1. Quick check on Thr68: is it at pLDDT 90 or above, of a type in the set (Val, Ile, Thr) and closer than 26 Å to Ala30 by Cβ?
2. Hey, can you tell me all the residues within the range 133-155 that are aliphatic (A, V, I, L, M), assigned to a helix (DSSP H, G or I) and either in contact with an Asp or Glu (Cβ under 7 Å, 6 or more places away or on another chain) or surrounded by fewer than 10 Cβ atoms within 10 Å (Cβ to Cβ) (or both)?
3. Only one of these conditions is not met by Gly50: (1) assigned to a helix (DSSP H, G or I); (2) more than 24 Å from Met147 (Cα to Cα); (3) among the small types (Gly, Ala, Ser); (4) at pLDDT 90 or above. Which number is it?
4. Identify all residues within the range 90-128 that are farther than 14 Å from Thr48 by Cα and part of a loop (DSSP other than H, G, I, E, B); write none if there are none.
5. Pairs, please: C-beta under 8 Å, at least 6 apart or cross-chain, first residue within 19 Å of Gly59 (Cα to Cα) and in the range 94-106, second surrounded by 10 or more Cβ atoms within 10 Å (Cβ to Cβ) and of a type in the set (Val, Ile, Thr)?
6. Here is a check on your reading of the model: is Leu55 in a loop (DSSP other than H, G, I, E, B), under 15 Å from the mean Cα position of the chain (by Cα) and surrounded by 15 or more Cβ atoms within 10 Å (Cβ to Cβ)?
7. Looking only at the range 91-125, how many residues end up being out of contact with any helix residue (DSSP H, G or I) (no Cβ under 8 Å at 6 or more places or on another chain) and either buried (at least 16 other Cβ atoms within 10 Å of the Cβ) or modelled with pLDDT of 95 or more (or both)?
8. Please specify each residue of the range 62-89 satisfying the condition of being in a loop (DSSP other than H, G, I, E, B), closer than 19 Å to Gly50 by Cβ and more than 19 Å from the chain's Cα centre (by Cα).
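The values are calculated or read from the model by the stated rules, or taken from the named source; none is laboratory data. Predicted model only: the values in this text are computed from it and were never measured. Heads up, the Cβs are rebuilt from the backbone with ideal geometry, glycines too, and the neighbour counts pull from every protein chain shown.
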Amino acid sequence: MTAKKPLTDSLSAVNFAGLRDYIGYTTRQAQSAIFRDFTKITEEVGLTPGEFSLLTLIGANPGINQITLAALHGLDKSTLSLAIRDLKRQDLIESRRQIEDGRYYALHLTRQGEQRLRRTTQLVEEQERRMDKVLAPGERKLLIGLMKRISKAFD
């Protein structure tokens, strides 16, 4: 019987059989690395990545309602309702009845929500600058354009 090599030794010998040539695989690997770093950033300020996204959208669109947010995020209403409830508990957002249609609630950032979003955005922009350092001039715009084109083709 042959002794097994430690996992770390065998990782470098793995044959990826073309996986690294697939756009989907390499995109997912890049997204995973970025997301791990992004999660550290948002945890530092007491948010999840999803909460940061919601705060960003609410901050940029004061009065947006949950139906619109659910559509933008591709979430069902119950999942979004839990996230909204958590943001309210943290006093980061508030809801007010919409004047035009009293059946819906308009979402707004609180003062604390504005401050937390501003701080988190600064940290996220620092991460973006770190990513820019590994790209040549012009590659950022090219990369984003290519990713948008692929996304649009599969939506």
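1. Working: at pLDDT 90 or above: yes; of a type in the set (Val, Ile, Thr): yes; closer than 26 Å to Ala30 by Cβ: no.
No; evaluated as a whole, the condition is false for this residue.
2. Narrowing the range 133-155 to residues aliphatic (A, V, I, L, M): 134-136, 142-144, 146-147, 150, 153.
Then drop every residue that is not assigned to a helix (DSSP H, G or I), which leaves 142-144, 146-147, 150, 153.
The one that is aliphatic (A, V, I, L, M), assigned to a helix (DSSP H, G or I) and either in contact with an Asp or Glu (Cβ under 7 Å, 6 or more places away or on another chain) or surrounded by fewer than 10 Cβ atoms within 10 Å (Cβ to Cβ) (or both): Ala153.
3. Unmet for Gly50, out of (1) assigned to a helix (DSSP H, G or I); (2) more than 24 Å from Met147 (Cα to Cα); (3) among the small types (Gly, Ala, Ser); (4) at pLDDT 90 or above: (2).
4. Once the filter is applied, which keeps residues that are farther than 14 Å from Thr48 by Cα and part of a loop (DSSP other than H, G, I, E, B), the range 90-128 yields Asp91, Gln98, Ile99, Glu100, Asp101, Gly102, Arg103, Tyr104, Thr110.
5. Short answer, once both residue conditions are applied: Glu94/Thr110; Ser95/Ile84; Tyr104/Ile67; Ala106/Ile64.
6. Working: in a loop (DSSP other than H, G, I, E, B): no; under 15 Å from the mean Cα position of the chain (by Cα): yes; surrounded by 15 or more Cβ atoms within 10 Å (Cβ to Cβ): yes.
No: the conditions fail for Leu55.
7. Let us first name the residues in the range 91-125 that are out of contact with any helix residue (DSSP H, G or I) (no Cβ under 8 Å at 6 or more places or on another chain), namely 96-103, 106, 110-112, 115, 118-119, 122, 125.
Checking which are either buried (at least 16 other Cβ atoms within 10 Å of the Cβ) or modelled with pLDDT of 95 or more (or both) leaves us with 106, 110-112, 115, 118-119, 122, 125.
Looking only at that region, the number is 9.
8. In the first step, residues of the range 62-89 are kept if they are in a loop (DSSP other than H, G, I, E, B); the result is 62-63, 65, 74-76.
From what is left, the residues that are closer than 19 Å to Gly50 by Cβ are 65, 74-76.
Asn65 - this is the single residue of the range 62-89 that is in a loop (DSSP other than H, G, I, E, B), closer than 19 Å to Gly50 by Cβ and more than 19 Å from the chain's Cα centre (by Cα).
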